[in-house]
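Participant: Structure provided below as structure tokens; questions to follow.
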Amino acid sequence: QSDMQSLSSGQIAMKFHRAVAKLVIDLAKLSPQHSCVLTGGVFQNRVLLDLIEQLAVADHLDIRLPGKIPMNDGGLSVGQLLVAMKEMEPCA
């Protein structure tokens, strides 16, 4: 049942942010033994980051932000490169 008609635009925006934060946490839970590094311009959103941090702490997940690598699309490209390099490693 949709409650969108009775909500303010701010309430709708917060529901959206909470849904995205829950999605990030649900994905991080798929590999709890690994750190999850958030990158890309969407994670420059302070509201979203605060919600993710709260959920990560509650679920004891290791969620990190980039250090020297830029948060925006440049950082996203570095992450894609690291995954590709890992995939290309010969199996031992």
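Participant: Could you tell me whether any residue of segment 29-41 is touching a Pro at 6+ places or on another chain (Cβ under 7 Å), in contact (Cβ under 8 Å) with a residue 40 or more places away in the chain and hydrophobic (A, V, I, L, M, F, W, C)?
Facilitator: Yes; the residues of segment 29-41 include at least one that is touching a Pro at 6+ places or on another chain (Cβ under 7 Å), in contact (Cβ under 8 Å) with a residue 40 or more places away in the chain and hydrophobic (A, V, I, L, M, F, W, C).
Participant: Do you know which residues across segment 10-24 are more than 11 Å from the chain's Cα centre (by Cα) and open to solvent by 50 Å² or more (accessible area, probe 1.4 Å)?
Facilitator: Matches in segment 10-24: GLN11, ILE12, MET14, LYS15, PHE16, ARG18, ALA19.
Participant: How about segment 32-52: which of its residues are in a helix (DSSP H, G or I), out of contact with any strand residue (DSSP E or B) (no Cβ under 7 Å at 6 or more places or on another chain) and not basic (Lys, Arg)? So that I can check it myself, show each step before the final result.
Facilitator: Initial filter on segment 32-52 (in a helix (DSSP H, G or I)): 41-44, 46-52.
With out of contact with any strand residue (DSSP E or B) (no Cβ under 7 Å at 6 or more places or on another chain) added as a condition, the list becomes 41-44, 46-51.
Result: GLY41, VAL42, PHE43, GLN44, VAL47, LEU48, LEU49, ASP50, LEU51.
Participant: Related question: Looking at segment 35-45, can you tell me whether even one residue there is touching a Leu at 6+ places or on another chain (Cβ under 7 Å) and among the small types (Gly, Ala, Ser)?
Facilitator: Yes, segment 35-45 contains a residue that is touching a Leu at 6+ places or on another chain (Cβ under 7 Å) and among the small types (Gly, Ala, Ser).
Participant: Right, something else. Looking only at segment 66-81, count how many residues are in a helix (DSSP H, G or I), free of Cβ contacts under 8 Å to residues at least 24 places away in the same chain and open to solvent by 70 Å² or more (accessible area, probe 1.4 Å). Give the derivation first.
Facilitator: Keep residues of segment 66-81 that are in a helix (DSSP H, G or I), which gives 73-81.
If we keep only those that are free of Cβ contacts under 8 Å to residues at least 24 places away in the same chain as well, we get 74, 77, 80-81.
In the following step, the residues that additionally are open to solvent by 70 Å² or more (accessible area, probe 1.4 Å) were identified as 80-81.
Adding up the residues that qualify gives 2.
Participant: Would you pick out the residues in segment 33-64 that are open to solvent by 80 Å² or more (accessible area, probe 1.4 Å), of a type outside the set (D, E, K, R) and over 26 Å from GLY10 (Cβ atoms)? Reasoning before the result, please.
Facilitator: To start, the set of residues in segment 33-64 that are open to solvent by 80 Å² or more (accessible area, probe 1.4 Å) comprises 33-34, 37, 42, 44, 46, 53-54, 57, 60, 64.
Within this subset, residues satisfying the condition of being of a type outside the set (D, E, K, R) are 33-34, 37, 42, 44, 54, 57, 60.
Within segment 33-64, GLN33, HIS34, VAL37, HIS60 qualify.
Participant: Does LEU27 qualify as being modelled with pLDDT of 95 or more, open to solvent by 90 Å² or more (accessible area, probe 1.4 Å) and part of a helix (DSSP H, G or I)?
Facilitator: Working: modelled with pLDDT of 95 or more: yes; open to solvent by 90 Å² or more (accessible area, probe 1.4 Å): yes; part of a helix (DSSP H, G or I): yes.
Yes, satisfied.
The values are calculated or read from the model by the stated rules, or taken from the named source; none is laboratory data. Only a predicted model underlies this, so the values are computations on that prediction, with no experimental measurement involved. Using ideal geometry, Cβ is built from the backbone for each residue, glycine included, and neighbour counts are taken over all protein chains shown. To get the accessible areas, we keep the full protein, side chains included, count just its heavy atoms, and leave off ligands, DNA and RNA. Shrake-Rupley method; radii C 1.70, N 1.55, O 1.52, S 1.80 Å.
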